[in-house]
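The values are calculated or read from the model by the stated rules, or taken from the named source; none is laboratory data. Just so we're clear, the structure is a prediction, and the values are computed from it rather than from any experiment. Here the Cβ positions follow ideal geometry from the backbone for every residue, glycine too, while neighbour counts run over all protein chains shown. For the accessible areas, the whole protein counts, side chains as well, though only heavy atoms, and no ligand, DNA or RNA atoms are used. Shrake-Rupley method; radii C 1.70, N 1.55, O 1.52, S 1.80 Å.
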Amino acid sequence: MKISASTTQSVSVTCSKRKVPKGKQLVAYPVGVRYKYKIQKHITGAGKDYVSGTSKWLYAFNPGSARVSCDIRSF
C-alpha cells in the first residue's frame, strides 16, 4: 500500500449526462479508502518495551486513481 503524506490532491473532473433540477447543484467527490488509526509511543529500556502514550484517533484517506463520484445535492 502506498499512501503519501500529502494533505491535498488536485484533480480535474467532469460530471456529465445528469440533469440538475433548479435549486440543486452537481457535486463531485473522491472515491477511495478512509483509514482510522492510533499511534503508540514506545520506550525501550532494560530489555523491556513500554507503551508511554497513545494518540487520539487519526484519519487518512487514500483516493482511488482518478475515481470520482457525482451526486446532486441541495444548496
| Does Val51 satisfy the criteria of being surrounded by 10 or more Cβ atoms within 10 Å (Cβ to Cβ) and assigned to a strand (DSSP E or B)? | no
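State yes or no: is Pro63 in a strand (DSSP E or B), at pLDDT below 80 and open to solvent by less than 100 Å² (accessible area, probe 1.4 Å)?
Here the answer is yes, as Pro63 does meet what is asked.
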| task | Working carefully through the options Ala28, Ala46, find the one that is within 17 Å of the chain's Cα centre (by Cα) and small (Gly, Ala, Ser). | result | Ala28
| task | Could you list all residues from the stretch 1-36 that are open to solvent by 90 Å² or more (accessible area, probe 1.4 Å) and either over 15 Å from Ser65 (Cβ atoms) or modelled with pLDDT of 85 or more (or both)? | result | Ala5, Thr7, Thr8, Thr14, Lys17, Arg18, Lys19, Lys22, Arg34, Lys36
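Kindly indicate whether any position in the stretch 12-25 is in contact (Cβ under 8 Å) with a residue 24 or more places away in the chain, on the phi < 0 side of the Ramachandran plot and in a strand (DSSP E or B). Explain how you work it out, then say what you get.
Step one: list which residues in the stretch 12-25 are in contact (Cβ under 8 Å) with a residue 24 or more places away in the chain, which gives 13, 15, 18, 20-21, 23-25.
Imposing the further condition that a residue be on the phi < 0 side of the Ramachandran plot reduces the set to 13, 15, 18, 20-21, 24-25.
Restricting the remaining residues to those that are in a strand (DSSP E or B) gives 24-25.
Yes, the stretch 12-25 contains a residue that is in contact (Cβ under 8 Å) with a residue 24 or more places away in the chain, on the phi < 0 side of the Ramachandran plot and in a strand (DSSP E or B).
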